[in-house]
1. In the Gaussian network model of the chain, springs joining C-alpha atoms below 10 Å, which of Ala82, Ala51, Ala74 carries the largest mean-square fluctuation?
2. How much accessible area per residue does the chain have, counting only protein heavy atoms and a probe of 1.4 Å, in square angstrom?
3. When the dipole is taken about the Cα centre of the chain, and only Lys, Arg (+1) and Asp, Glu (-1) are charged at their Cβ, what size is it in debye, to the nearest 20?
4. Among Trp83, Trp16, Trp58, whose mean-square fluctuation peaks in a Gaussian network model of the chain (Cα, cutoff 10 Å)?
5. From the Cα trace of the chain, what convex hull volume per residue do you get, rounded to a whole Å³?
6. Towards the positive end of the charge dipole of the chain, with charges on Cβ (+1 Lys, Arg; -1 Asp, Glu), say which of Ile121, Ala79, Leu31 has the farthest Cα.
7. Give the long-range amide H neighbours of Asp27: residues separated by 5 or more places, or on another chain, with amide H under 5 Å away, using H modelled in the peptide plane at 1.01 Å from N.
8. Find me the longest stretch of the chain that has none of the exposed trypsin sites (Lys or Arg not before Pro), where exposed means in a DSSP loop (not H, G, I, E or B) with at most 16 other Cβ atoms within 10 Å.
Amino acid sequence: MAAVDEFLSNYAYQVWVGETAQAGFADCHGLDGSVQGKKGLLVTLNMGAIATSAFYDWVMQHATAQNLRVVQRAEDGTALRAWDLSATRVAKVTATTFTKIGFPFRVEALELTAESLRETIL
């Protein structure tokens, strides 16, 4: 997993499932302080990549809801804050792959819906 962690360190926003980073994105919308505790959220992650087959399968199959964590990182890699998204589902994915073997799988936009959100300053 060290190669995955190194690859994802280039992104300002990382998506975690449990204790593992699964994807990284350059930009994120829908996670500001005004949505704390709000239900029925839409979160859009832009210009990124999926680094694991498990997360790719979940995204592409629009599978059952799961809890995710989005971590915002500074340029030096320091975690700044995190958002815990409960009962998250894929609403839409716009993607193109640029690698021969498929990973990392490039994603233009990933739209997620979540039942609720909790923000943590790290």
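The values are calculated or read from the model by the stated rules, or taken from the named source; none is laboratory data. Keep in mind the model is a prediction, meaning the values are calculated, not measured. Every residue, glycine among them, receives a Cβ derived from its backbone with ideal geometry; neighbour counts consider all protein chains shown. For accessibility, only protein heavy atoms count, side chains too; no ligands or nucleic acids. Shrake-Rupley method; radii C 1.70, N 1.55, O 1.52, S 1.80 Å.
1. Sorting by GNM fluctuation, first place goes to Ala74.
2. Numbers: 6530 Å² over 122 residues.
Heavy-atom accessible area per residue stands at 54 Å².
3. On the way: 10 positive and 13 negative charges, 63 e Å.
The calculation lands at about 300 debye.
4. Taking springs between Cα atoms under 10 Å, the residue moving most is Trp58.
5. Working: hull volume 11.5 nm³, N = 122.
For the chain, the hull spanned by Cα atoms encloses 95 Å³ per residue.
6. Working it through, the farthest residue towards the positive pole turns out to be Leu31.
7. HN-HN under 5 Å from Asp27: Asn46.
8. Values: sites that count: Lys38, Lys39, Lys100.
Value returned for the longest uninterrupted segment is 40-99.
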